[in-house]
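Data block below; observations after.
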Amino acid sequence: MIVEEIMQTDLYTLAPTDTVGDAVRLMSEKKVRHLPVVNENFEILGIVTGHDLKNVLPAFQHEKQNSSIYDAPLEQIMVKDPIIGHPLDFVEEVAVTLYENRISCLPIVSKGKLAGIVTTTDVLYRYIELTGANRPSSKLDIRVTNKPGILYDITRIFRQHKVNVLSILVYPDSENENSRILSIRLQVMNPLAIIEDLRKEKFDVLWPNLPGIEL
């Protein structure tokens, strides 16, 4: 999945000569926490976040009484030359960029102009959608041997029960480097019969541990 599919394109922006007060009012009116700062050509110059405003407003109270941070231009407090992304970047790469740089948003630029913005909330919600956690479903965690064909053997049981698979995630097994943990979300609310058949086939179902089923 690429960034173009999840980025916000209905943008609220300000100019570097707009004030901190303008940013506070716009964030409050539009219920947003990130404001790109652009020039007349819609080229990205900086970014202002709600966190930035919270940091700078209290600090300015210690200055002279006739001074007002609300009247200060954004170019004085914005994060200049922010890290940017491209519409064709992969969402996974953007998630890594956000995490490694400890930032909450990424302006998306195409042909030198601001095309959109992606926030940590956008990435998190898309992850929720991809896993199917926002839909009625059940989650199974199964420890498997790391060998070819194992996934086919498991999905064969799902097919016998006529159950759709919403997502499959593969994790390393912290207890055994030769095993993997499959975290599978199924479009069924009662997976009891499926778990029973998995265990009959000697699959190690870690979750759920349902009462009445021999472990």
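Once Lys and Arg get +1 and Asp and Glu get -1 on their Cβ, which of GLN160, VAL56, ASN41 lies farthest toward the positive end of the dipole of the chain?
Ranked along the dipole, the leading option is GLN160.
For the range 1-41, what does the equivalent ellipsoid look like in terms of its semi-axes, each the square root of 5 times an eigenvalue of the Cα gyration tensor, given largest first in whole Å?
22, 14, 6
For helix 150-160, what angle does its Cα long axis make with the longest principal axis of the chain, in degrees from 0 to 90 and rounded to 10?
Long axis of 150-160 versus the principal axis of the chain: about 80 degrees.
What FRET efficiency would be calculated for the residue pair ALA133, VAL56, taking the C-beta separation as r and a Förster radius of 41 Å, to the nearest 0.05?
Details: r = 37 Å, r/R0 = 0.90.
FRET efficiency, ALA133 to VAL56: 0.65.
Ranked from highest to lowest mean number of other Cβ atoms within 10 Å per residue, what is the order of the peptides 189-199, 103-113?
So the peptides 189-199, 103-113, ranked by packing, come out 103-113, 189-199.
So what's the net charge close to VAL165: Lys and Arg +1, Asp and Glu -1, counting the other residues with Cβ under 10 Å from its Cβ?
Net charge around VAL165: +2.
Which semi-axes, in whole Å and largest first, does the equivalent ellipsoid of the range 70-120 have when worked out from the alpha carbon gyration tensor as the square roots of 5 times its eigenvalues?
With the √(5λ) rule applied to the range 70-120, the semi-axes are 23, 14, 8 Å.
Can you give me the long-range amide H partners of LEU206? Hydrogens built in the peptide plane at 1.01 Å from N, cutoff under 5 Å, separation of 5 or more residues or another chain.
ASP141, ILE142, ARG143
From the C-alpha gyration tensor of the range 126-176, pull out the three semi-axes of the equivalent ellipsoid (sqrt of 5λ each), sorted largest to smallest, in whole Å.
The equivalent ellipsoid of the range 126-176 has semi-axes of 20, 17, 9 Å.
At 20 °C and a viscosity of 1.002 mPa s, what translational diffusion coefficient does Stokes-Einstein give for the chain, taking Rh as the Kirkwood radius over Cα pairs? Give it in µm²/s as a whole number.
The diffusion coefficient I find is 103 µm²/s.
At a 10 angstrom cut-off on C-beta neighbours, averaged per residue, how do the peptides 40-47, 115-122 rank from highest to lowest?
115-122, 40-47
In the range 135-207, what percent of the accessible surface is made up of carbon and sulfur (1.4 Å probe, ligands and nucleic acids excluded)? Spell out each step's value before the answer.
Working: 2240 of 4550 Å².
For the range 135-207, the apolar C and S fraction of the accessible surface comes to 49 percent.
Can you list residues whose amide H is under 5 Å from ALA72's amide H, if they're 5+ apart or on another chain and H is modeled 1.01 Å from N?
VAL20, GLY21
Can you give the alpha-carbon Rg of the range 149-215 over 2.2 N^0.38 Å, where N counts its residues?
Against the empirical 2.2 N^0.38 Å value, I get 1.10 for the range 149-215.
Using a 1.4 angstrom probe, figure out how much accessible area the range 135-207 has per residue, in square angstrom, rounded to the nearest whole.
62
In whole Å, what is the distance between the alpha-carbon centres of the range 78-142 and the range 157-175?
25
For ILE83 and ILE150, FRET efficiency with R0 = 30 Å and r from the beta-carbon atoms, rounded to 0.05?
0.15
The values are calculated or read from the model by the stated rules, or taken from the named source; none is laboratory data. As the structure is a computational prediction, the values presented were derived from the model and not from experiment. Cβ: placed from backbone, ideal geometry, glycine included. Neighbour counts: every protein chain shown. Note: accessible area is taken over every heavy atom of the protein model, side chains too, but ligands, DNA and RNA are not part of it. Shrake-Rupley method; radii C 1.70, N 1.55, O 1.52, S 1.80 Å.
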